[in-house]
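Please read the structure below before turning to the comments.
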Amino acid sequence: MPDPTVTVVPGGWALAAAGLLGLLAVAAAALDGFLTARAAGSASSGWSHPYGEAARLMRQRRRTTAAADRLLWRTGGAGLLLMALMIITVVPLGRWTLFDLDVGVVWFNAMDVLAWAFVWLTGWGGNSTHSLVGGYRFLAHGLAYELPLMFALVAPAVGASSLNLGAIAAAQQGLWFVVWMPVAFLVYCLGVLAIAVWGPFSPALGADVAGGVTAELSGVDRLLFKGGRYALLAAGAGFAVPAFLGGGAGPLLPAWAWMLIKTLALLAVFVWLRRRLPAARPDVFMEVGWVVLLPAVLLQDLIVAVIATGRG
Amino acid sequence: MLTHVVFWALAVIAVLAGAAVFIVDSMARASYALAVSFVAVGLQVLLMQQNYVGVVTILMMVMEMAVMAVYMVMFMGMNPALMPMSMVHDNRHALAVSIGVFVLLAAGVLLVPWPTRRGGPPVDVTAALGEELMGPKMLVMTGVGAVMAATIVAGVVLAAHRSRYDRFGDDLRRRPADDPQPGGVGR
Amino acid sequence: MTLRTVLLAASALFSVGLYGALSQQVVVMVMMGLELMLNGLILAAAAFWWFLAPDPSGQVLLLIIIVAMTVEMAMGFAVATHLHRVRRTDMTDMAADLSR
């Protein structure tokens with residue numbers, strides 16, 4: 001059901017949305033550069049790190065391996081960025097949206113599942129043992145995080161009685177969903193970290209397997225993969241705002257400004273968490289996902305469903 | 001007009017990718033060709049205004065194909081990049097049968113006088129589907145639930161080779177269980 | 001995009017899947033053939049719904065096809081795992097005696 005509070009903008013604005021996503025990704029990368037430099041105690045501030053890294057990778061010659069499956073390799077490497085772009089098409093920025101899909105939540109879910117394909121393909125395509133080990137690590141993480149993430153996405157949809165993101169944001173005028181669905185929100189955030197292969201889910205790129213999935217990536221492919229991870233973090237943070245954080249609700253400033261502020265804040269937390277959480281070993285995390293996260297989030301769904309039914 | 005162009009492009013992609021599954025000689029390419037075919041069909045279903053079913057098809061099939069590729073690599077045990085893969089039996093008969101079936105189906109499609117459309121789509125297709133499942137078609141949902149539960153149990157019974165005696169010892173008293181993979185909860 | 005063209009595309013998908021299910025030796029490839037046949041069914045069911053009778057109840061059929069697909073995958077993988085464990089093979093020809 002198209003929501004009257006949301007206006008669909010012409011397709012040309014997709015470029016602006018992509019640019020905005022790019023800016024957010026660069027901001028995330030700059031913040032990560034700063035945090036890295038501070039942790040290492042280096043003399044430079046690290047804020048300009050992403051520009052230097054991008055320039056270096058764009059000049060670098062592409063390396064290839066014997067019998068690499070180039071088609072799948074390149075598809076996987078560029079795929080993460082594509083996923084992030086597809087996710088933000090359904091996220092309303094204040095009043096405007098590119099694609100007022102009535103099943104926006106399911107759309108996000110379908111897009112985040114593509115990470116399974118793209119990360120594994122990047123690991124497979126290089127025809128190298130280390131990168132394939134990384135790909136399998138990601139799939140093992142995927143088996144553990146995906147179901148809790150799916151059920152976490154159910155909570156806001158049930159709470160708002162709609163799968164449309166505009167309607168979900170509009171349903172939070174009184175009380176943000178994060179207040180009464182904290183478990184779903186935390187599991188959702190974990191899921192976003194996972195699809196971006198970030199923080200606790202970085203064993204797929206671990207130093208113990210020579211960089212894992214990225215072991216053989218070089219030049220533009222590496223840039224796309226890295227940029228794709230930051231873009232996914234940004235898209236995940238952007239999706240969380242209408243889903244859990246009240247959308248554009250906030251005093252004084254217009255809705256779009258609140259949207260951006262909340263997205264940036266959540267994105268900064270995601271980037272900061274990278275150094276604060278221990279790595280989740282895939283085999284150990286499997287049981288955590290199925291025995292702890294899944295029942296917890298199902299219980300959350302039950303509570304949300306009971307409350308939603310009670311409110312009528 | 002645009003719908004027609006998009007539909008034809010997607011139809012061609014779906015069929016070609018489907019055919020590629022059995023032509024390419026790499027396990028990863030075969031699985032993901034099937035995934036492409038499913039994504040194309042899911043988008044076609046979206047064109048026919050069934051948003052929920054279309055998106056769910058894409059969601060499920062990409063996941064399944066990621067798992068499918070792992071299973072193929074696990075069982076087939078050869079390096080697909082170096083060794084071409086062609087394992088078929090009775091190729092000619094299979095080809096004849098499938099072409100025959102296609103001709104039959106196509107003839108049916110073209111010759112049957114299809115009725116005209118009755119009624120129009122509901123305003124909110126997804127909500128209508130949900131109400132249908134939770135109302136008049138509740139029996140379907142209950143049946144699906146039972147079948148799914150039975151599938152999970154049967155699948156685990158077939159695939160797991162260790163019984164509770166292997167895990168907990170002959171008197172079932174061993175704690176924690178003896179598992180080849182230690183878990184994160186430390187049971 | 002008319003009912004006939006969509007059904008033609010669906011028949012083509014079904015036939016390609018049938019070819020795969022009949023000709024492939026490896027269990028997982030046979031499953032891919034079956035999946036492709038069901039893929040054609042999804043398209044055909046969606047077309048029948050949209051072009052003939054777009055009332056709410058018709059979509060339930062699509063959901064049933066998707067469920068059938070899930071069950072087929074789960075049981076297929078379980079059987080393939082079992083077969084591999086017991087016989088060290090993944091070929092249907094090596095399990096032909098099971099049909100007797």
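Can you find even one residue in the range A:104-116 that is in contact (Cβ under 8 Å) with a residue 24 or more places away in the chain, crowded, with 19+ Cβ neighbours inside 10 Å, charged (D, E, K, R) and over 26 Å from residue A:288 (Cα atoms)? Within the range A:104-116, none of the residues are in contact (Cβ under 8 Å) with a residue 24 or more places away in the chain, crowded, with 19+ Cβ neighbours inside 10 Å, charged (D, E, K, R) and over 26 Å from residue A:288 (Cα atoms).
Does the range A:202-211 include one or more residues that are part of a helix (DSSP H, G or I), of a type in the set (Val, Ile, Thr) and in contact (Cβ under 8 Å) with a residue 12 or more places away in the chain? Within the range A:202-211 (the criterion being part of a helix (DSSP H, G or I), of a type in the set (Val, Ile, Thr) and in contact (Cβ under 8 Å) with a residue 12 or more places away in the chain), the answer is yes, since at least one residue qualifies.
If only one of C:27, C:16, C:6 is within 27 Å of residue B:149 (Cα to Cα) and either at pLDDT 90 or above or touching a strand residue (DSSP E or B) at 6+ places or on another chain (Cβ under 8 Å) (or both), which one is it? Sole residue among the options that is within 27 Å of residue B:149 (Cα to Cα) and either at pLDDT 90 or above or touching a strand residue (DSSP E or B) at 6+ places or on another chain (Cβ under 8 Å) (or both): C:27. Touching a residue at least 40 places away in the same chain (Cβ under 8 Å), closer than 20 Å to residue B:26 by Cβ, of a type in the set (Gly, Ala, Ser) and surrounded by fewer than 24 Cβ atoms within 10 Å (Cβ to Cβ) - does that describe any residue in the range A:151-170? The answer is no; no qualifying residue exists. Taking the range B:72-187 as the region of interest, the helices (runs of 4 or more DSSP H) fully inside it that hold 3 or more residues being more than 30 Å from residue C:19 (Cα to Cα) and more than 14 Å from chain A (Cβ to nearest Cβ) are B:138-159, B:164-168.
Any residue at all in the range A:270-284 that's part of a helix (DSSP H, G or I), surrounded by 13 or more Cβ atoms within 10 Å (Cβ to Cβ) and of a type in the set (Gly, Ala, Ser)? Within the range A:270-284, not a single residue is part of a helix (DSSP H, G or I), surrounded by 13 or more Cβ atoms within 10 Å (Cβ to Cβ) and of a type in the set (Gly, Ala, Ser).
When the residues of the range B:36-47 are filtered to those that are surrounded by fewer than 24 Cβ atoms within 10 Å (Cβ to Cβ) and in contact (Cβ under 8 Å) with a residue 24 or more places away in the chain, which remaining residue is nearest to the other protein chains (Cβ to nearest Cβ)? Looking at the filtered set, the residue picked out is B:47. Working only within the range C:67-100, note down all residues that are of a type outside the set (Gly, Ala, Ser), at pLDDT 90 or above and surrounded by fewer than 19 Cβ atoms within 10 Å (Cβ to Cβ). Those that are of a type outside the set (Gly, Ala, Ser), at pLDDT 90 or above and surrounded by fewer than 19 Cβ atoms within 10 Å (Cβ to Cβ): C:67, C:70, C:71, C:72, C:75. So is residue A:82 over 25 Å from residue A:309 (Cβ atoms), in contact with a Lys or Arg (Cβ under 8 Å, 6 or more places away or on another chain) and either part of a helix (DSSP H, G or I) or within 9 Å of another protein chain (Cβ to nearest Cβ) (or both) or not? Considered against the rule, which asks whether it is over 25 Å from residue A:309 (Cβ atoms), in contact with a Lys or Arg (Cβ under 8 Å, 6 or more places away or on another chain) and either part of a helix (DSSP H, G or I) or within 9 Å of another protein chain (Cβ to nearest Cβ) (or both), residue A:82 comes out as no.
Rundown of residues vs (1) assigned to a loop (DSSP other than H, G, I, E, B); (2) more than 13 Å from the chain's Cα centre (by Cα); (3) facing chain B (nearest Cβ under 7 Å); (4) among the β-branched types (Val, Ile, Thr), yes/no style:
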position	(1), (2), (3), (4)
C:5	no, yes, no, yes
C:20	no, no, yes, no
C:37	no, no, no, no
C:58	no, yes, no, no
C:73	no, no, yes, no
C:80	no, yes, yes, no
C:83	no, yes, no, no
C:89	yes, yes, no, yes
C:94	no, yes, no, no
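So that you can scan it fast, the table gives a plain yes or no per residue for (1) over 20 Å from residue A:262 (Cα atoms); (2) surrounded by fewer than 24 Cβ atoms within 10 Å (Cβ to Cβ); (3) hydroxyl-bearing (Ser, Thr, Tyr):
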| position | (1), (2), (3) |
| --- | --- |
| A:173 | no, yes, no |
| A:179 | no, yes, no |
| A:194 | yes, no, no |
| A:217 | yes, no, no |
| A:221 | yes, no, no |
| A:224 | yes, yes, no |
| A:228 | yes, no, no |
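For the range C:42-56, a tally of residues being without any contact (Cβ under 8 Å) to a residue 12 or more places away in the chain and not in a helix (DSSP H, G or I) returns 3.
The values are calculated or read from the model by the stated rules, or taken from the named source; none is laboratory data. Values in this document were obtained by computation on a predicted structure and should not be read as measured data. For neighbour counting, all protein chains shown are included, and Cβ atoms are generated from backbone atoms with ideal geometry for every residue, glycine included.
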